[in-house]
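Enquirer: The structure's right below; bear with me while I get my questions together.
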Amino acid sequence: MERENNMSKIIKHFFEALTKKKLLLASFALLFVFPIATPSAYYLSLLAEMLIWALLAMSYDLALGYTGLVSFGHAAPFGIGAYAVALFLRMNFPFPLAILIALLFGALVGLVLGIFTFRVGGIYYALVTLAFAEMIFAIFNKWVELSGGETGISVSRPEFLRFDLLLYLMFAISIAIAIVLFLTMLHNLKNKNETIKNKIAYCTFIAVFLAIIIYSFPLKLNILLEGSLMEKNRMIMVMNTYYFIALIPLAICYFIARRIVDSPMGKIFVAIRENEERTKMLGYDVSIYKLTASIISSMFASLAGALYTPFALSISPYSVLSSAIMINILLYSILGGLGTLVGPMLGAGIITLLANELTSIRGVGEYWMLILGIFYIIVILFFPYGIVITWKIKGVSVKKNIKKLAKLIKTSMRGK
Amino acid sequence: MPNLSSAILETKNLTKKFGGLAAVNNVSITIEQGICKGLIGPNGAGKTTFFNLICGLLKPTGGKIFFKGEDITGLPPNKISKKGISRSFQITNVFAKLAVLENVRLAVQSIGRENYNFYSSIDRFKEYHRRALEILEIIGLKQKAFYPVNFLPHSDQRKLEIAMAFATKPELLLLDEPTAGVSMEEVPDVVNVIRKIKENSKITILLVEHKIDVIMDICDSVMVMHEGSVIADGTPKEIARNELVQKVYLGGD
């Protein structure tokens, strides 16, 4: 009996560690380490784009996944954020100030979207918010002086993206994180309490890590040492800085969002999602919580938009405000798993990566939408609750199967 | 004029009309503090509508409701709940996908001061956790604290329904058919939960029930509704002897 308990305890801890903290921390750390290993501007910019969509998808998860607000107007805060930054950068505002202004506008949009929840819910709310987003789109599309109409407006890269010292600093931080990560893994490897499985995982990690460092670190270091004096390095340097500009807000927003959903208020959000009437009967003023959730979610979305502008350099209502963005957000969220925060981020990453890589393959590229469509169907068939949630449920059943196996072995041994 | 100091709930000519039908018609009652009052009546007598009026889910078309002498007519449900009136539902209405403990904790949390706290982990509020477990202990669901509610048998869900209404520390608890759909063998279990709650606090309970034995068992006084009006009010024994009540229940003229 005791042995079985131990066994289940170990498995439980393993899954806890895997699903809760260690894996997540490790992946964020790896994202920080990534620039060390890549001497390619293309992959840096691709990953930066993935990070922006991940932030947008995560912001949507707070509204739909946690509070149950089926908003179809989430492109509005994103586009408004993007346009706010673009317009204020053109007025020569410093980039950080432009971001703050974008956040303010995002909160305003969130307020409007939140006020709609007072009157309508469910599918009706979805329609009202969709109409609102389309209205914003129409206004921007027609107001050519403001938005540039169909051609859009372009901005020059913010000054400090070209500031090399910043990049060197970030790079130093990356290296520091890499070393800490490496040492942690080594330490874990020595730890006697760790399971064999974990140890194998750590060994693999260390091996891959060393291989990357040996192979591409010298290349990257060389680029950095030559600096932006060399024209060919220009793009890599900028993209590298930009990558950090996208990664750091994402990491911060993720931890803020995680704190929110774990807080007393976050628990009320979930209660509203599960059963709004009962939440009201327990004495909670439901409308205030829905409003708050809507504002927070819209602010994160507008931050994503604000970060998108200096990345894309040219934005139009079609690229940041159209309903195509909304459909993408829904795909990211549903594919990744609603109500997990990590899920939509993962979904955004996978889809952006696939869409970009597929189009660049010769011969297949023309059919990228078809392939992506088939991919969606397959994923939905095999991961009906999204990748992260289904994986967690599967994890539980794996645990049960192992338990059963352990019991079987035990009884058969007793028989002998 | 009833003595206001001992009356916890008072309604004056309370009326709710759905079109031409008066579901609750000119009901004026007084409920004294600390008693367990039964509310019975045939189907369609207006008992649940009466509950919905008191807890704010419906707005009355006429009349007034006083809670501890204060006019609460037309307030939204969350405000009425904050004043100290809590209810359970006839059809189980809980957070089905969440764990049992989480359900009760949400109820406990609702009377706390930390509901706008969005930065510290819920695990830091040990008091909520402790109180929720205490309540689960009272209703005998402590062993199943971490089960999702929809895995529980129906009778346990009914107990949870009562527990959640009780967990907001109300002064007046409205129980809408707590034993609805519970099998005969399990009815005493649910009744015991109500009795324990009664013993554990000086709470006033208003109880709608179809099972007359339950009413006779735990209620101090009973009132009878028929076609939207209160037709009798008295101790269980008086009600059992009341001719009008017998006529209403048995049909006939």
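The values are calculated or read from the model by the stated rules, or taken from the named source; none is laboratory data. Computed from a prediction, not measured in an experiment: that's the story for all the values here. Counting neighbours? That spans all protein chains shown, and the Cβs are built from the backbone with ideal geometry, glycine included.
Enquirer: Within the stretch B:101-120, track down each residue that is more than 7 Å from chain A (Cβ to nearest Cβ) and either assigned to a helix (DSSP H, G or I) or small (Gly, Ala, Ser) (or both).
Expert: Answer for the stretch B:101-120, where residues must be more than 7 Å from chain A (Cβ to nearest Cβ) and either assigned to a helix (DSSP H, G or I) or small (Gly, Ala, Ser) (or both): B:Leu101, B:Glu102, B:Asn103, B:Val104, B:Arg105, B:Val108, B:Gly112.
Enquirer: Still on this model: Can you spot a residue in the stretch B:181-197 that is away from chain A (no Cβ under 14 Å), more than 30 Å from B:Leu53 (Cβ to Cβ) and of a type in the set (Ser, Thr, Tyr)?
Expert: So far as the stretch B:181-197 goes, yes, one or more of its residues are away from chain A (no Cβ under 14 Å), more than 30 Å from B:Leu53 (Cβ to Cβ) and of a type in the set (Ser, Thr, Tyr).
Enquirer: Taking the stated definitions as given, is A:Phe300 within 14 Å of chain B (Cβ to nearest Cβ) and within 20 Å of A:Gly81 (Cα to Cα)? Lay out the reasoning, then the answer.
Expert: Values: within 14 Å of chain B (Cβ to nearest Cβ): yes; within 20 Å of A:Gly81 (Cα to Cα): yes.
So A:Phe300 fits the description; yes.
Enquirer: Starting from the stretch A:246-262, keep only residues that are away from chain B (no Cβ under 11 Å) and surrounded by fewer than 19 Cβ atoms within 10 Å (Cβ to Cβ), then list their pairs with residues that are part of a helix (DSSP H, G or I) and at pLDDT below 90 whose Cβ atoms are within a distance under 7 Å, requiring at least 6 positions of separation or different chains.
Expert: Listed pairs, sorted by first residue: A:Ala251/A:Phe28.
Enquirer: While we're on this one: Within the stretch A:151-163, can one find any residue that is free of Cβ contacts under 8 Å to residues at least 12 places away in the same chain and not in a loop (DSSP other than H, G, I, E, B)?
Expert: No: the stretch A:151-163 contains no residue that is free of Cβ contacts under 8 Å to residues at least 12 places away in the same chain and not in a loop (DSSP other than H, G, I, E, B).
Enquirer: Tell me which of these B:Asn78 doesn't satisfy, since it passes every other one: (1) closer than 22 Å to B:Ala232 by Cβ; (2) within 14 Å of chain A (Cβ to nearest Cβ).
Expert: Among (1) closer than 22 Å to B:Ala232 by Cβ; (2) within 14 Å of chain A (Cβ to nearest Cβ), B:Asn78 violates only (1).
Enquirer: Are there any pairs, at least 6 apart or on different chains, whose C-beta atoms fall under 6 Å, with the first in the stretch A:285-310 and free of Cβ contacts under 8 Å to residues at least 12 places away in the same chain and the second in a helix (DSSP H, G or I), and if so, which?
Expert: Sorted first by the residue in the stretch A:285-310, then by its partner, the pairs are A:Asp285/B:Asn78.
Enquirer: I've got another one for you. Within the set of pairs 6+ apart or on separate chains, which have a first residue in the stretch B:40-64 that is more than 23 Å from B:Pro170 (Cβ to Cβ), a second that is β-branched (Val, Ile, Thr) and not in a loop (DSSP other than H, G, I, E, B), and C-beta atoms under 7 Å apart?
Expert: Every condition considered, the pairs that remain are B:Gly41/B:Val224; B:Pro42/B:Val248; B:Thr61/B:Thr15; B:Gly62/B:Thr15.
Enquirer: Take the stretch B:90-100 and flag every residue that is surrounded by fewer than 23 Cβ atoms within 10 Å (Cβ to Cβ) and more than 8 Å from chain A (Cβ to nearest Cβ). Break it down into steps so the answer makes sense when it comes.
Expert: Within the stretch B:90-100, the subset surrounded by fewer than 23 Cβ atoms within 10 Å (Cβ to Cβ) is B:90-93, B:96-99.
Across the stretch B:90-100, the qualifying residues are B:Gln90, B:Ile91, B:Thr92, B:Ala99.
Enquirer: Could you list all residues from the stretch B:176-198 that are part of a helix (DSSP H, G or I) and farther than 17 Å from B:Val222 by Cα?
Expert: Of all residues in the stretch B:176-198, those part of a helix (DSSP H, G or I) come to B:184-198.
Passing the criteria: B:Met184, B:Glu185, B:Glu186, B:Val187, B:Pro188, B:Asp189, B:Val190, B:Asn192, B:Val193, B:Lys196, B:Ile197.
Enquirer: Then there is this: If I filter the stretch B:164-177 for residues that are more than 14 Å from chain A (Cβ to nearest Cβ) and out of contact with any Lys or Arg (no Cβ under 6 Å at 6 or more places or on another chain), do I get at least one hit? Quick ask: steps written out before the conclusion?
Expert: Our first condition is that a residue be more than 14 Å from chain A (Cβ to nearest Cβ); within the stretch B:164-177, this holds for B:177.
Subsequent filtering for residues that are out of contact with any Lys or Arg (no Cβ under 6 Å at 6 or more places or on another chain) retains B:177.
Yes, there is a match, as at least one residue in the stretch B:164-177 is more than 14 Å from chain A (Cβ to nearest Cβ) and out of contact with any Lys or Arg (no Cβ under 6 Å at 6 or more places or on another chain).
Enquirer: Have a look at B:Val187, B:Val108, B:Val104 and point out the one that is at pLDDT below 90 and surrounded by 14 or more Cβ atoms within 10 Å (Cβ to Cβ).
Expert: Unique residue meeting the criteria: B:Val187.
Enquirer: Failed condition for A:Ala301, given (1) among the hydrophobic types (A, V, I, L, M, F, W, C); (2) over 19 Å from the mean Cα position of the chain (by Cα); (3) under 29 Å from A:Phe383 (Cβ atoms), with all others met?
Expert: Failing condition for A:Ala301: (2).
Enquirer: So is A:Leu47 under 22 Å from A:Leu169 (Cα atoms) and crowded, with 23+ Cβ neighbours inside 10 Å or not? Reasoning before the result, please.
Expert: On the way: under 22 Å from A:Leu169 (Cα atoms): yes; crowded, with 23+ Cβ neighbours inside 10 Å: no.
When the stated conditions are applied, A:Leu47 does not pass them.
Enquirer: Can you name the residue in the stretch B:147-175 that is part of a helix (DSSP H, G or I) and among the aromatic types (Phe, Trp, Tyr) and is also modelled with the highest pLDDT among such residues?
Expert: The initial filter retains those residues of the stretch B:147-175 that are part of a helix (DSSP H, G or I), namely B:149-151, B:154-167.
With the extra rule that they be among the aromatic types (Phe, Trp, Tyr), the set shrinks to B:151, B:166.
Numbers: B:Phe151: 84, B:Phe166: 89.
Step by step, filter the stretch B:147-175, then rank; the result is B:Phe166.
Enquirer: Among the residues of the stretch A:263-286 satisfying the criterion of being closer than 13 Å to B:Tyr116 by Cα and assigned to a helix (DSSP H, G or I), which is farthest from the other protein chains (Cβ to nearest Cβ)? I'd like the intermediate steps shown before the answer.
Expert: Filtering the stretch A:263-286 for residues closer than 13 Å to B:Tyr116 by Cα gives A:263-269, A:284-286.
Add one more test, that the residue is assigned to a helix (DSSP H, G or I), and what stays is A:264-269, A:286.
Numbers: A:Pro264: 5, A:Met265: 4, A:Gly266: 7, A:Lys267: 6, A:Ile268: 6, A:Phe269: 9, A:Val286: 7 Å.
It comes out as A:Phe269.
Enquirer: Another question, then. So, A:Thr292, is that one among the β-branched types (Val, Ile, Thr), more than 14 Å from chain B (Cβ to nearest Cβ) and either under 19 Å from A:Ala82 (Cβ atoms) or part of a helix (DSSP H, G or I) (or both) or not? I'd like the intermediate steps shown before the answer.
Expert: Numbers: among the β-branched types (Val, Ile, Thr): yes; more than 14 Å from chain B (Cβ to nearest Cβ): no; either under 19 Å from A:Ala82 (Cβ atoms) or part of a helix (DSSP H, G or I) (or both): yes.
Considered against the rule, which asks whether it is among the β-branched types (Val, Ile, Thr), more than 14 Å from chain B (Cβ to nearest Cβ) and either under 19 Å from A:Ala82 (Cβ atoms) or part of a helix (DSSP H, G or I) (or both), A:Thr292 comes out as no.
Enquirer: Looking at (1) over 19 Å from B:Gly84 (Cβ atoms); (2) free of Cβ contacts under 8 Å to residues at least 60 places away in the same chain, can you tell me which one B:Ile135 breaks?
Expert: Of the numbered conditions (1) over 19 Å from B:Gly84 (Cβ atoms); (2) free of Cβ contacts under 8 Å to residues at least 60 places away in the same chain, the odd one out for B:Ile135 is (1).
Enquirer: Out of the stretch B:121-146, which residues are in contact with a helix residue (DSSP H, G or I) (Cβ under 6 Å, 6 or more places away or on another chain), away from every other protein chain (no Cβ under 14 Å), among the aliphatic types (A, V, I, L, M) and not in a loop (DSSP other than H, G, I, E, B)?
Expert: Of everything in the stretch B:121-146, those that are in contact with a helix residue (DSSP H, G or I) (Cβ under 6 Å, 6 or more places away or on another chain), away from every other protein chain (no Cβ under 14 Å), among the aliphatic types (A, V, I, L, M) and not in a loop (DSSP other than H, G, I, E, B) turn out to be B:Leu136, B:Ile138, B:Ile139.
Enquirer: Does the stretch A:117-127 include one or more residues that are crowded, with 17+ Cβ neighbours inside 10 Å, hydroxyl-bearing (Ser, Thr, Tyr) and touching a residue at least 24 places away in the same chain (Cβ under 8 Å)?
Expert: yes
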